[in-house]
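Each remark here refers to the structure printed beneath this line.
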Amino acid sequence: MHRIIILLLLSVASSYAGLSKLGAISMIESGNDDFAVGGAGEVSRYQIKPRVWRAYTTLKGYHDQALSGWVAAQYLSALENAFQKRAGRPATDFDLYVLWNAGLNYYDRIGFSTRRVRPVIRERAQRFVNLRQKNDAVETLRASEVN
């Protein structure tokens, strides 16, 4: 009986390998709400600032998942490239969320130091990392099944 339960848990849990970058951003920023509007006018499930949105498109389909996903992907790619140039290393998942939430200039001003990131941003960045990582419980279950 225990073997059947473990196999069922493994089959369900093994499909969870962590969210994509944009999936995790969307989950943290708006809970995947395409109609979310932030306090500073941020739009879409990704909570993109209007000036950033306008840098990529003149279309106003903020509620359109495909369009907002495209804008978010373009912006995230630009942030990653700019970080690589300024910091001299690839961005980690933690870095990506700080860049998304607070911006490249903020992160640069604090020397790209994770310890100096404001606590509320640090907590969200850690949630982002957790959403991106593979579920460690799956590995534990698999290890116990082998033994």
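The values are calculated or read from the model by the stated rules, or taken from the named source; none is laboratory data. Treat the numbers as computed from the prediction; the structure is a model and nothing was measured. Note that each Cβ is placed from the backbone with ideal geometry, even for glycine, and that neighbours are counted across all protein chains shown.
Here are some conditions: (1) in contact with a Phe, Trp or Tyr (Cβ under 9 Å, 6 or more places away or on another chain); (2) free of Cβ contacts under 8 Å to residues at least 12 places away in the same chain. L99 meets all but one. Which one does it not meet?
(2)
Just to be sure before I move on: is E80 under 25 Å from M27 (Cβ atoms) and surrounded by fewer than 12 Cβ atoms within 10 Å (Cβ to Cβ) in the structure I sent? Let's see the steps before the verdict.
Numbers: under 25 Å from M27 (Cβ atoms): yes; surrounded by fewer than 12 Cβ atoms within 10 Å (Cβ to Cβ): no.
The answer is no for E80.
Kindly provide the set of residues from segment 42-68 that are crowded, with 20+ Cβ neighbours inside 10 Å and out of contact with any Pro (no Cβ under 7 Å at 6 or more places or on another chain), ordered by number.
Those that are crowded, with 20+ Cβ neighbours inside 10 Å and out of contact with any Pro (no Cβ under 7 Å at 6 or more places or on another chain): S44, R45, Y46, Q47, I48, W53, Y62, S68.
Cβ-Cβ distance below 9 Å, separation of 6 or more or different chains: which pairs start in segment 105-119 with a residue that is surrounded by 11 or more Cβ atoms within 10 Å (Cβ to Cβ) and end on one that is modelled with pLDDT under 95?
Correct list of pairs: empty, since none qualify.
So is R132 out of contact with any His (no Cβ under 7 Å at 6 or more places or on another chain), under 14 Å from L22 (Cβ atoms) and among the basic types (K, R) or not? Break it down stepwise before answering.
On the way: out of contact with any His (no Cβ under 7 Å at 6 or more places or on another chain): yes; under 14 Å from L22 (Cβ atoms): yes; among the basic types (K, R): yes.
Criteria met by R132.
For segment 86-96, state whether one or more residues are more than 18 Å from the chain's Cα centre (by Cα) and small (G, A, S).
Within segment 86-96, one or more residues are more than 18 Å from the chain's Cα centre (by Cα) and small (G, A, S).
Please state which one of V71, V146 is farther than 20 Å from S20 by Cβ and either modelled with pLDDT of 95 or more or surrounded by fewer than 14 Cβ atoms within 10 Å (Cβ to Cβ) (or both).
Matching residue, one of V71, V146: V146.
Is it fair to say G23 is touching a residue at least 60 places away in the same chain (Cβ under 8 Å), surrounded by fewer than 16 Cβ atoms within 10 Å (Cβ to Cβ), touching a helix residue (DSSP H, G or I) at 6+ places or on another chain (Cβ under 7 Å) and small (G, A, S)?
Criteria not met by G23.
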